[in-house]
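All remarks here apply to the structure that follows.
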Amino acid sequence: MNKIMFSGFIIISLFITGCSSTITSTQSAIPKGKIKALIIDGQNNHYEWPKTTFMMKTQLEETGLFDVSVYRTEKTWRGDKLLVSYPLNDDKKYVKVKNPETDPNFKPNFKDYDVVISNFGWKTANWPKSTQVEFVEYMKNGGGFVSIHAANNAFPDWKEYNQMIGLGGWGGRNHDSGPYVYYDNNGQLIRDSQKGNGGGHGTKHQFTLTIREANHPITQGLPKFWLHSTDELYDKLRGPAENMTILATAFASKAEKGTNRHEPILMTIEYHKGRIFHSTLGHDSRGFAGVGFITTFTRGAEWAATGKVSIPVPQDFPTIDKSISRKFN
């Protein structure tokens, strides 16, 4: 993992959004009619999680449809290193610790939001049982949830969470967690229950997405094939895979140390009355800056919140042979 240097305004934004469990937007400030979105973060094995949260917040707000709040865990860390002081990109500001099993003070008020977006990652501390119950009830009653990249690494032992995300990786996930789901080279959907671990990826590279469900509101109007910016291509994901629709896949080439299979990249899951959009894209800011990511993320968040998509496909959407990114300082 390369060290990332954040610009000054990113660090300032972190204090604006809050470094402990605080919600950034008061309910009285939410414009009437806008989708109320909550990004949850604070514990992730990726260096850039503070910046990528800010990127997602900005991307949603730029659509004009969302009012976005951020709820950050009281203690923040990267992998097994606890953040003890700022700046977040400085290795000396982290100390190696045994991560606590539970984060006792993580208690967002989920019911105040139309959609919850997770920017958590590997080794995220378990939420209090009461918070888990409230989130499950929120989803059962029609809530929206968006899982981004390493959020599918979190909570390997939480049954309901794994049902919500459909597929996940790492954290001890294996054949007992559910089948390994992929498309073979003949276009057949495979649910492989053979023994094996869950979660992997090859080198970071540009890769082509193939739309598998062109009529879904999230993917409607997107080209059949499009080139994504440099990112991690997750593979060997396992999980319950119940009520799951694979919207798009990518071929994990052996030349890039992949599986030589077409791996799920964009998915939707129905959980009781709740809607989930699951994207494995977004390892670092290069992936988050891709127009393909921005478009599918914002449309996915709108769909998870409302069941519909009004955000148009932008003119600068990538093509089969050209990835497009937008500069984010």
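What the table shows:
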| item | result |
| --- | --- |
| Count - residues of segment 109-133 that are closer than 18 Å to R275 by Cβ and outside any loop (DSSP other than H, G, I, E, B) | 7 |
| Selection status of E270, more than 25 Å from N197 (Cβ to Cβ), among the acidic types (D, E) and either without any contact (Cβ under 8 Å) to a residue 60 or more places away in the chain or not in a helix (DSSP H, G or I) (or both) | yes |
| Some residue of segment 228-247 being under 27 Å from K57 (Cβ atoms), free of Cβ contacts under 8 Å to residues at least 12 places away in the same chain and of a type outside the set (F, W, Y) | no |
| Leading residue by the ranking (farthest from A305 (Cα to Cα)) among those in segment 100-114 that are in contact (Cβ under 8 Å) with a residue 40 or more places away in the chain and touching a Phe, Trp or Tyr at 6+ places or on another chain (Cβ under 7 Å) | D103 |
| Residue in segment 270-282 that is over 17 Å from the mean Cα position of the chain (by Cα) and charged (D, E, K, R) present | yes |
| Residue within segment 190-209 that is in a strand (DSSP E or B), more than 21 Å from V116 (Cβ to Cβ), touching a residue at least 12 places away in the same chain (Cβ under 8 Å) and charged (D, E, K, R) present | yes |
| Complete set of residues in segment 290-317 that are of a type in the set (D, E, K, R) and over 13 Å from L60 (Cβ atoms) | K308, D316 |
| Within segment 135-159, considering residues that are in a helix (DSSP H, G or I) and without any contact (Cβ under 8 Å) to a residue 60 or more places away in the chain, the one surrounded by the most Cβ atoms within 10 Å (Cβ to Cβ) | A151 |
| Test result for T63, hydroxyl-bearing (S, T, Y), at pLDDT 90 or above and crowded, with 22+ Cβ neighbours inside 10 Å | no |
| Matching residues, segment 253-283, being acidic (D, E) and surrounded by fewer than 20 Cβ atoms within 10 Å (Cβ to Cβ) | E256, E270 |
| Residues (over 22 Å from T306 (Cα atoms) and in a loop (DSSP other than H, G, I, E, B)) located in segment 213-247 | P223, K224, E232, L233, K236, L237, G239, P240, A241 |
| Flag for M164 being surrounded by 15 or more Cβ atoms within 10 Å (Cβ to Cβ), in contact with a Ser or Thr (Cβ under 8 Å, 6 or more places away or on another chain) and either in contact (Cβ under 8 Å) with a residue 40 or more places away in the chain or not hydroxyl-bearing (S, T, Y) (or both) | yes |
| T296 among the β-branched types (V, I, T), under 29 Å from M139 (Cα atoms) and touching an Asp or Glu at 6+ places or on another chain (Cβ under 8 Å) | no |
| Segment 157-181: number of residues that are within 18 Å of the chain's Cα centre (by Cα), closer than 13 Å to G199 by Cβ and of a type in the set (A, V, I, L, M) | 2 |
| Answer residue from segment 25-44, given it is part of a loop (DSSP other than H, G, I, E, B) and more than 20 Å from P104 (Cα to Cα) and is modelled with the highest pLDDT among those | K34 |
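Conditions tested, residue by residue: (1) out of contact with any strand residue (DSSP E or B) (no Cβ under 6 Å at 6 or more places or on another chain); (2) under 26 Å from S69 (Cα atoms).
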| position | (1), (2) |
| --- | --- |
| G287 | no, yes |
| F293 | yes, yes |
| I311 | yes, yes |
| S323 | no, no |
| N329 | yes, yes |
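Yes/no per residue for (1) surrounded by 19 or more Cβ atoms within 10 Å (Cβ to Cβ); (2) closer than 25 Å to H201 by Cα; (3) at pLDDT below 95:
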| site | (1), (2), (3) |
| --- | --- |
| F293 | yes, yes, no |
| R299 | yes, no, no |
| I320 | no, yes, no |
| K327 | no, no, yes |
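The values are calculated or read from the model by the stated rules, or taken from the named source; none is laboratory data. Since this is a predicted model, take the numbers as computed values, not measurements. Glycine also receives a Cβ, built like all others from the backbone with ideal geometry; neighbour counts cover every protein chain displayed.
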